[in-house]
Structures are given as C-alpha cells and as structure tokens.
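The values are calculated or read from the model by the stated rules, or taken from the named source; none is laboratory data. Note that this is a predicted model, so its numbers are computed, not measured. Positions of Cβ are generated from backbone atoms using ideal geometry, with glycine treated the same way; all protein chains shown enter the neighbour counts. Ligands, DNA and RNA are excluded from the accessible area calculation, which covers all protein heavy atoms including side chains. Shrake-Rupley method; radii C 1.70, N 1.55, O 1.52, S 1.80 Å.
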Amino acid sequence: MEAPAEEVFRWHAQPDALERLSPPWEPVEILQRAPGIRDGDRGILRVRMGPFKFRWSFEHRGYIEGRQFCDVQLSGPFHRWEHTHRMDPQGPGACTLTDNICYELPFGMAGKFLAGWFVQRKLNRLFQYRHRVTADAMRSISRPTTAPNP
C-alpha cells in the first residue's frame, strides 16, 4: 500500500470499515456492531454462503495499535475462523497489508471435499476486492487537495 501503516490501520478501525470492504455481490448485514477493534470487542453479522444465510458472532483479539487486529468467530458458518489483519511499515509512506486467514469448514473432510474449492475461490475474490478498495481509499487520502483560486 502506498500509505503509512498507521493510516491504513486507522482506516480499518473506522466504524463503517466493514461496509466499505464488503463487495456488492457479498452483502453483509450488521446485526450488532462491534464498538471497535480492540481485544474483547464483539459483533454479530448475517452473511450469505450460497443460498444460505448465517448468523456470525465474532470477537476481536490480538490488537496491536497501528499494526494488527484479529477477528475470531465465536459462532457461525465455519468450524473455526481467525482472520488477522496486519499492517507492516515499508518505509515512512508505505506498508504491506496482509490478511492471514485460518479456517476450518464444518463437517471435517466431507466439508472440505464438497465446499473447499468454493470457499477458497470466494475468499480470493473477496480479498482482491478489499485490497483494491483499501488502495483506492489510501490514494484518495494521500492526494493533496488544492483550494480554488479566488
């Protein structure tokens, strides 16, 4: 990202970040908004997986100011889900944004066999979109604005 890690982190910490990062083909309904991204902050979403809707309860953990936070599923469509958002500085005006996702599908090997390819493809597409949206937002923030000449 062509923005400092702290700026990318602040952008992700804003209350409407999830809405901005949700692609139009993957609508997310916020049933209970998490008060923030600090350890212990919890929220509840409704998400779609194919034709099904699931209630997804999560808690934030692993908070490191300006660098990382993690979403951990408490209940929802996965057997296990941990998503770590990490922003590592690459000099004063850039950073690497990494989304590390550890998940397990329900129903063990049968779930992996039947839906693993679908979930992986869906996640790849989702995070390509999210990184593009974040990069575009950082470009618009860093672009200097000029006042009109009187």
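The residues of the chain present an accessible area of 62 Å² per residue when probed at 1.4 Å with all protein chains retained.
Which whole-number percent gives the relative contact order of the chain, counting Cα pairs below 8 Å spaced six or more residues apart?
22 percent
Taking each DSSP H run with n ≥ 4 as -39500 (n - 2.57) and averaging over every residue of the chain yields -11000 deg cm²/dmol at 222 nm. Taking the accessible area of the chain, probe 1.4 Å, and keeping the other protein chains in place, the carbon and sulfur fraction comes to 56%.
Residue 141 contributes about 80 Å² of solvent-accessible surface, heavy atoms of the protein only, 1.4 Å probe.
Using DSSP loop states and a limit of at most 14 other Cβ atoms within 10 Å to flag chymotrypsin sites (Phe, Trp or Tyr not before Pro), what is the longest stretch of the chain containing no flagged site? The longest uninterrupted stretch comes out as 26-106.
Provide the gained length on full extension for the span residue 53 to residue 141, in nm with one decimal, where the gain is 0.36 nm per separating residue minus the Cα-Cα distance. Computed gain between residue 53 and residue 141 is 28.2 nm.
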